[in-house]
Amino acid sequence: RWSRANERYLQENIRASDVSANLGSGAKVLRYVLQSGMLGLGAWLVVMDKASGGVMIASSIMMGRALAPVEVALSTWKQLIAARQGVRRLRDICRATAAPAAPPVELPRPSRELSVQNLSVGAPGIDRPIVTNVSFALSAGMGLALLGASASGKTSLSKALVGIWPAASGVVRLDGGALDQWRSGDLGRYVGYLPQDVALFDGTVAENICRFDENATSEAILKAARIAGVHDIILRLPDGYATRVGSGGMSLSAGQRQRVGLARAVFGDPFLIVLDEPNANLDTEGEQALTRAIQAMRAAGSIVIVISHRPSALAALDMALVLYDGKAIAFGRRDEVFARVSAAGQQVAAQRAAAAPKVARRAASLEGAAS
């Protein structure tokens, strides 16, 4: 496939080069013909005593000057097209990376509730929503287990809750204020997020925990590491908190990266903490540390939302939200939601078991009729 694609590229490149060469050669031939015709016409006028020799030479020079820009434009057309495309890409990049307009009023630190109202979320650039009309509310100190099968929209909802993906409709509010009403720098301090794929930056462990905040104190970094249960692991690294993790955290194991990412999510005591599969790469000790971290964050008044398929990570949570095909089908106390889901599953299993003999008898009758 690569060879065929490379061959097509070479053929198109040769064709473009031929067109460019033909245009350039045609422009030169046209210039020579016109200049020769101008000189011939000037010579005829001189012979007929209707013009002087200076007029003939001046006309030839003026003709050459008039055609020069056309020839130069043809020879530099590729560079002009590349420059135009570069300007267009630069405008798109500047438009995409432009800092949002700062709200005129700085809102206080949230401390009461998270409210989600008729939220619909779609991936950027895709019109079809992944999550539709999800509504729930959580008070300070609550912990929510976000459950659902694969591709049910859990990760998409989590990205909308922290402001990574814009909402197609609906709104996410902290203490009554929508996310776009908060300054981005403040929102970064009030919201903690641990994605499925933990992305660390090329720096020290301490810098990654404090999000490269130059004003971060050692006490705040140590507090976040202890809450995440990663303090002792960091001390065993070659240079402790000064150990460089490399690009993407390649010098750390998957479990270590996840523990450091958890410490980064809880750094600064954020009000809203969203953890997407936080125990995917953790051992038993790591899962116990995660449970203690969730309990500590809830005790400090934070709202914790956890996406996980392992029951061990849900033990420290008191609320549950179940998504199915992008829609919320159950929300309430964790034990009540689990009981409802279990009862629904048993009912479906019973219906399938009751329908199985009928299906078998129908298949047998059809087989007998066919024979």
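The values are calculated or read from the model by the stated rules, or taken from the named source; none is laboratory data. What you see is a predicted model; the values in this text were computed from it and never measured. Heads up, the Cβs are rebuilt from the backbone with ideal geometry, glycines too, and the neighbour counts pull from every protein chain shown. With ligands, DNA and RNA removed, areas are computed over all heavy atoms of the protein, side chains included. Shrake-Rupley method; radii C 1.70, N 1.55, O 1.52, S 1.80 Å.
Between S302 and G141, the built amide H atoms are under 5 Å apart, and every one of these is 5 or more places off in sequence or on another chain. Averaging the sequence gap over all C-alpha pairs within less than 8 Å and six or more residues apart, then dividing by the number of residues, gives the stretch 149-267 a relative contact order of 30 percent.
Around L200, with a cut-off of 12 angstrom between Cβ atoms, what is the net charge of the other residues, counting Lys and Arg +1 and Asp and Glu -1?
On the way: positive: R211, R244, R257, R259, R264; negative: D197, D202, E207.
Local charge sum for L200: +2.
Bridges between two residues of the chain, per DSSP, are antiparallel at a rate of about 55%. Computed over the alpha carbons of the chain, Rg followed by Dmax gives 34.4, 116 Å. In the stretch 43-100, the ratio of gyration radius to Kirkwood radius, Rg to Rh, stands at 1.51 when only Cα atoms are counted.
For a protection proxy built on the mean count of beta-carbon atoms within 10 angstrom, sort 187-198, 252-263 highest first, please.
Working: 187-198: 19.4, 252-263: 22.3.
Order by mean packing, descending: 252-263, 187-198.
With a Cα-only, solvent-free Debye model of the stretch 43-148, what are the log10 I(q)/I(0) values at q = 0.14, 0.19, 0.21 Å⁻¹? Listed by q, the Debye log ratios stand at -0.94, -1.15, -1.18. Contact order for the chain, expressed relative to its length and based on alpha carbon pairs under 8 Å spaced 6+ residues apart, stands at 17 percent.
Of the peptides 231-241, 138-148, 19-29, the ranking by mean beta-carbon count within 10 Å, highest at the top, reads 138-148, 231-241, 19-29. Each peptide in 268-277, 52-61 was scored by the mean count of other Cβ atoms within 10 Å over its residues; highest first, the order is 268-277, 52-61.
The Rg/Rh ratio for the stretch 151-259 is 1.02, where Rg is the radius of gyration of the alpha carbons and Rh is the Kirkwood radius. Classify the stretch 103-147 as rounded, prolate or oblate, taking a ≥ b ≥ c as the square roots of the eigenvalues of its Cα gyration tensor: rounded when a/c is under 1.5, otherwise prolate if a/b is larger than b/c and oblate if not. Note, shape of the stretch 103-147 comes out oblate. Here, the stretch 211-268 has an Rg and a Dmax of 10.7, 28 Å when only alpha carbons are counted.
For the stretch 1-121, carbon and sulfur atoms together expose 63% of the accessible surface, with a 1.4 angstrom probe and every protein chain in place. What net charge is computed for the residues neighbouring A145, neighbours being all others with C-beta under 15 Å from the C-beta of A145, Lys and Arg scored +1, Asp and Glu -1? Neighbourhood net charge equals 0.
Accessible surface for the chain, divided over its residues, is 59 Å² per residue with a 1.4 Å probe.
Rounded to the nearest whole Hz, the Karplus-based 3J(HN,Hα) values (6.51 cos²θ - 1.76 cosθ + 1.60, θ = phi - 60°) of the stretch 205-211 follow the sequence 4, 4, 5, 5, 5, 8, 6, with x at glycine and proline.
A316 sits among other residues whose Cβ lies under 12 Å from its own Cβ, and their net charge, with Lys and Arg +1 and Asp and Glu -1, is +1.
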